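Structure first, commentary second.
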Amino acid sequence: DVKVTQSSRYLVKRTGEKVFLECVQDMDHENMFWYRQDPGLGLRLIYFSYDVKMKEKGDIPEGYSVSREKKERFSLILESASTNQTSMYLCASSLPSESSYEQYFGPGTRLTVT
Amino acid sequence: AQTVTQSQPEMSVQEAETVTLSCTYDTSENNYYLFWYKQPPSRQMILVIRQEAYKQQNATENRFSVNFQKAAKSFSLKISDSQLGDTAMYFCAFISYNNNDMRFGAGTRLTVKP
């Protein structure tokens, strides 16, 4: 079974802090994604990566950055957390588009910024 | 740009009955996949069913089936013999062959009542 894990289920941070959300997948997937999930808005793509050290902006990249130094790990960074970044963050991975389009999700990190 | 619309924010159904969740999408692409994902309370999002646009036959997975109407750009999910474990958020999603960018609807919260 594909396993996607995220470093924390719940996180509380203060405004202005630098926040790291980690995601690890164990199936050698090329593609990895970070989404933000908010009620009534569904999932919105923040960033994705199709290879080590490669990244592409999604729909809402402002205020976020990412890092992919190893194939299995994709990190989301909030350089200076703000209250409007309080949300559920979901990580996902998938094989290359030519092989499959199914995305496998982690359990999510519920981040609260106070 | 592709968009996915789920017009039912919440639905409920009695155990053992049938329920249909609606989804429409907008795209100019001809080759794409459609998905229904399930997110149980406090648990990981998992794939329920997928449909390739070039296939005319509707996909089925046990109690789950879809009604795919390509011309109408409609992709509804039917759950037969509803079970308490079907209680979850359901997301409709779209991805075209040309990119990695999966688009999600806002979700439908389904409650199965005993």
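The values are calculated or read from the model by the stated rules, or taken from the named source; none is laboratory data. No experiment lies behind these values; they were computed from the predicted model shown. Every residue, glycine among them, receives a Cβ derived from its backbone with ideal geometry; neighbour counts consider all protein chains shown. When the accessible area is computed, the model is the full protein with side chains, heavy atoms only, and any ligands, DNA or RNA have been set aside. Shrake-Rupley method; radii C 1.70, N 1.55, O 1.52, S 1.80 Å.
Some observations on this one:
- Pairing each residue of the range A:13-28 that is closer than 17 Å to residue A:88 by Cα with any residue that is assigned to a loop (DSSP other than H, G, I, E, B) and among the aliphatic types (A, V, I, L, M), provided the two are 6+ apart or on different chains, yields C-beta distances under 7 Å for A:13/A:81; A:15/A:81; A:19/A:81.
- Of all the listed residues (A:10, A:35), the sole one being within 14 Å of another protein chain (Cβ to nearest Cβ), surrounded by fewer than 17 Cβ atoms within 10 Å (Cβ to Cβ) and of a type in the set (Phe, Trp, Tyr) is A:10.
- Of residues in the range B:76-88 being crowded, with 17+ Cβ neighbours inside 10 Å and either at the interface with chain A (Cβ under 9 Å from one of its Cβ atoms) or polar (S, T, N, Q) (or both), the one nearest to residue B:5 (Cα to Cα): B:76
- Condition check for residue B:47: open to solvent by less than 30 Å² (accessible area, probe 1.4 Å) and either more than 11 Å from every other protein chain (Cβ to nearest Cβ) or free of Cβ contacts under 8 Å to residues at least 60 places away in the same chain (or both): no
- Lone qualifier among A:108, A:58 - being crowded, with 18+ Cβ neighbours inside 10 Å, within 14 Å of the chain's Cα centre (by Cα) and more than 22 Å from residue A:9 (Cα to Cα): A:58
- Flag for residue B:97 being within 8 Å of chain A (Cβ to nearest Cβ), aromatic (Phe, Trp, Tyr) and over 12 Å from the mean Cα position of the chain (by Cα): yes
- Scanning the range B:9-25 for residues that are in a loop (DSSP other than H, G, I, E, B), within 14 Å of chain A (Cβ to nearest Cβ) and crowded, with 17+ Cβ neighbours inside 10 Å turns up just one, B:23.
- Qualifying residue in the range A:72-85 (condition: modelled with pLDDT under 95, open to solvent by 10 Å² or more (accessible area, probe 1.4 Å), closer than 30 Å to residue B:36 by Cβ and away from chain B (no Cβ under 11 Å)): no
- Residue list for the range B:26-41, restricted to those being of a type in the set (D, E, K, R) and within 11 Å of chain A (Cβ to nearest Cβ): B:38
- Condition met for residue B:58 (within 12 Å of chain A (Cβ to nearest Cβ), part of a loop (DSSP other than H, G, I, E, B) and open to solvent by 10 Å² or more (accessible area, probe 1.4 Å)): no
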